[in-house]
Amino acid sequence: MKRPSEHRLDAITRRQNSGMFGNDPERVPSRALTMGVGTILEARRLLLVAVGAGKASIINEALNGPISENVSATAIRLHDKATIILDEAAANIWKQASK
């Protein structure tokens, strides 16, 4: 089980995430914390917040697809105290698939 660890973000990762920081890679933090799914599932409670159409596809896979190591977000369904908050855009595909 991978415990939380700190990692330096490379230039590519910072550039890919710059949209959340005014499209300026220099504003993206240079370090980040990561942890494995096992550690996340040990939490007493989980909160997943997804905003925007860019998250719709992964939300649909996480909530409707098979539980799989290939889509680690599916593991949230294994936790008995998970809360999921989605805006309309992030929920769009999931709502269509669940009809």
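The values are calculated or read from the model by the stated rules, or taken from the named source; none is laboratory data. Just so we're clear, the structure is a prediction, and the values are computed from it rather than from any experiment. Here the Cβ is made from the backbone with ideal geometry for all residues, glycine too, and neighbour counts use every protein chain on show. Remember, those area values only see protein heavy atoms, side chains included, never the ligands or the DNA or RNA. Shrake-Rupley method; radii C 1.70, N 1.55, O 1.52, S 1.80 Å.
Of the heavy-atom accessible surface of the chain (probe 1.4 angstrom), what whole percent is carbon and sulfur? Walk me through the numbers on the way to the answer.
Numbers: 3800 of 7170 Å².
Ligands and nucleic acids excluded, carbon and sulfur reach 53 percent.
So, counting K/R as plus one and D/E as minus one, what does the shell of residues with Cβ under 11 Å around Leu33 add up to? Provide the component values of the computation, followed by the final result.
Working: positive: Arg3, Arg31; negative: Glu6.
Net of charged neighbours comes to +1.
Give me the net charge of Ser18's neighbourhood, meaning all other residues with Cβ under 10 Å from the Cβ of Ser18; Lys, Arg count +1, Asp, Glu -1.
So the environment of Ser18 carries a net charge of +1.
To the nearest 10 degrees, how steep is helix 88-97 against the longest Cα principal axis of the chain, on a 0 to 90 scale?
Computed tilt is about 40 degrees.
Let me have the relative contact order for the chain, percent, based on Cα pairs under 8 Å that are six or more residues apart. It would help to have the intermediate numbers written out before the result.
Numbers: 137 pairs, mean separation 26.8, N = 99.
Across the chain, relative contact order equals 27 percent.
Looking only at Cα atoms, what is the convex hull volume of the chain per residue, in Å³?
On the way: hull volume 11.7 nm³, N = 99.
Convex hull of Cα atoms, per residue: 118 Å³.
Quick one: accessible surface of Leu41, probe radius 1.4 Å, all protein chains present, in square angstrom to the nearest 10.
Its accessible surface works out to 50 Å², give or take rounding.
In Å², and per residue, what accessible area does the chain have when probed at 1.4 Å with the other protein chains present?
72
Of the GluC sites (Glu not before Pro) in the range 57-88, which ones lie in a loop per DSSP and count no more than 15 other C-beta atoms within 10 Å?
For GluC sites (Glu not before Pro) across the range 57-88 that sit outside H, G, I, E and B with at most 15 neighbouring Cβ atoms in 10 Å, the list reads Glu69.
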